[in-house]
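Presented below is the structure to which this report refers.
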Amino acid sequence: MAMLAGDLARALFKVLETGDPALAAEVVHAEFHNREAAVSPPACRITGPAGVLASSTWMRSAFSDLAFPVTDIVTSDSQVWVRLRMQGRHTGAFVLYKGQEVDQVVPPTGRQIDFEQIHVLELRDAKVVRHEAVRDDITMLGQLGVFPPGPAAGMRMLAWRVTGRSARAASEVATRAAQAALPS
């Protein structure tokens, strides 16, 4: 039995929280496209459930206890609008990309994040086929202590870059995301 639109949305975010491949196969369309994957490792740009599983691994590698509590859902026949919060603790390197290249690596801070996002999901064949979002990334970066940039955060990021920790962390995150995208 096909899930209702709101249930599909909740299930998609449960996949991001857990990395559950069976649930991903159930709710993510084979042609799924994530418009927001431009800041993610390349594996997150793969279409279908594989890209969602890679995205889950990428986010969970940076944020332990990752959760997406939904605060509001509005549905139509072919779209779902979801307002939620992204919550977790920054316990791993948060690696951001620009195209295919690593743009920035934020070393773990141990800080909690809790900020609002709005997601628009397009549905086809009773599955999620497209995702785009409006996220309050400035608030998240502020909660991590890296925006506005201050001397302490800048020195930590520079030290990570100079010692090669940034490159090693970026490589590890990209590898783990790519492995998550492989068929099981």
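The values are calculated or read from the model by the stated rules, or taken from the named source; none is laboratory data. Note that the structure is predicted; figures quoted are calculated from it, not measured. Every residue, glycine among them, receives a Cβ derived from its backbone with ideal geometry; neighbour counts consider all protein chains shown. Keep in mind that these areas ignore ligands, DNA and RNA; they rest on the heavy atoms of the full protein, side chains included. Shrake-Rupley method; radii C 1.70, N 1.55, O 1.52, S 1.80 Å.
For the range 9-39, the set of residues classified as within 21 Å of A67 (Cα to Cα), modelled with pLDDT under 95 and aliphatic (A, V, I, L, M) consists of A37, V39, listed by residue number.
When you check S184 against the structure, is it within 17 Å of P49 (Cα to Cα), among the hydroxyl-bearing types (S, T, Y) and open to solvent by 60 Å² or more (accessible area, probe 1.4 Å), yes or no? Against the criterion (within 17 Å of P49 (Cα to Cα), among the hydroxyl-bearing types (S, T, Y) and open to solvent by 60 Å² or more (accessible area, probe 1.4 Å)), S184 qualifies. Every condition in (1) within 22 Å of S56 (Cβ to Cβ); (2) among the small types (G, A, S); (3) part of a helix (DSSP H, G or I) holds for A133 except the one numbered (3). Screening R45, R35 for residues that are in contact with an Asp or Glu (Cβ under 6 Å, 6 or more places away or on another chain) and of a type in the set (K, R) leaves exactly one candidate, R35.
Of the listed requirements (1) of a type in the set (G, A, S); (2) on the phi > 0 side of the Ramachandran plot; (3) open to solvent by 70 Å² or more (accessible area, probe 1.4 Å), G48 misses just one: (3). Scanning the range 49-99 for residues that are modelled with pLDDT under 95 and among the small types (G, A, S) gives S76, S78, G99.
Rundown of residues vs (1) open to solvent by less than 40 Å² (accessible area, probe 1.4 Å); (2) over 30 Å from P148 (Cβ atoms), yes/no style:
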position	(1), (2)
V39	no, no
V52	yes, yes
M59	yes, no
S76	no, yes
L96	yes, no
V106	yes, no
I113	yes, no
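Inside the range 134-184, can you point out the residues that are out of contact with any strand residue (DSSP E or B) (no Cβ under 6 Å at 6 or more places or on another chain), more than 15 Å from V106 (Cβ to Cβ) and touching a residue at least 12 places away in the same chain (Cβ under 8 Å)? Residues satisfying the conditions are A174, R176, A177, A178, Q179, A180, A181, L182, P183, S184. Reported count of residues in the range 143-158, each being at pLDDT 95 or above and farther than 27 Å from G51 by Cβ, is 0. Scanning the range 10-46 for residues that are hydroxyl-bearing (S, T, Y) and touching a Phe, Trp or Tyr at 6+ places or on another chain (Cβ under 6 Å) yields a single hit, S40.
Checking the range 147-160 against the condition returns no match, with no residue being in contact with a His (Cβ under 6 Å, 6 or more places away or on another chain), more than 16 Å from C44 (Cβ to Cβ) and surrounded by 15 or more Cβ atoms within 10 Å (Cβ to Cβ).
Before we move on, is D125 more than 20 Å from R35 (Cα to Cα) and open to solvent by 60 Å² or more (accessible area, probe 1.4 Å)? So D125 does not fit the description; no.
Can you find a residue that is open to solvent by 30 Å² or more (accessible area, probe 1.4 Å) and either under 13 Å from the mean Cα position of the chain (by Cα) or hydrophobic (A, V, I, L, M, F, W, C) (or both) anywhere in the range 26-33?
Yes, because at least one residue in the range 26-33 is open to solvent by 30 Å² or more (accessible area, probe 1.4 Å) and either under 13 Å from the mean Cα position of the chain (by Cα) or hydrophobic (A, V, I, L, M, F, W, C) (or both).
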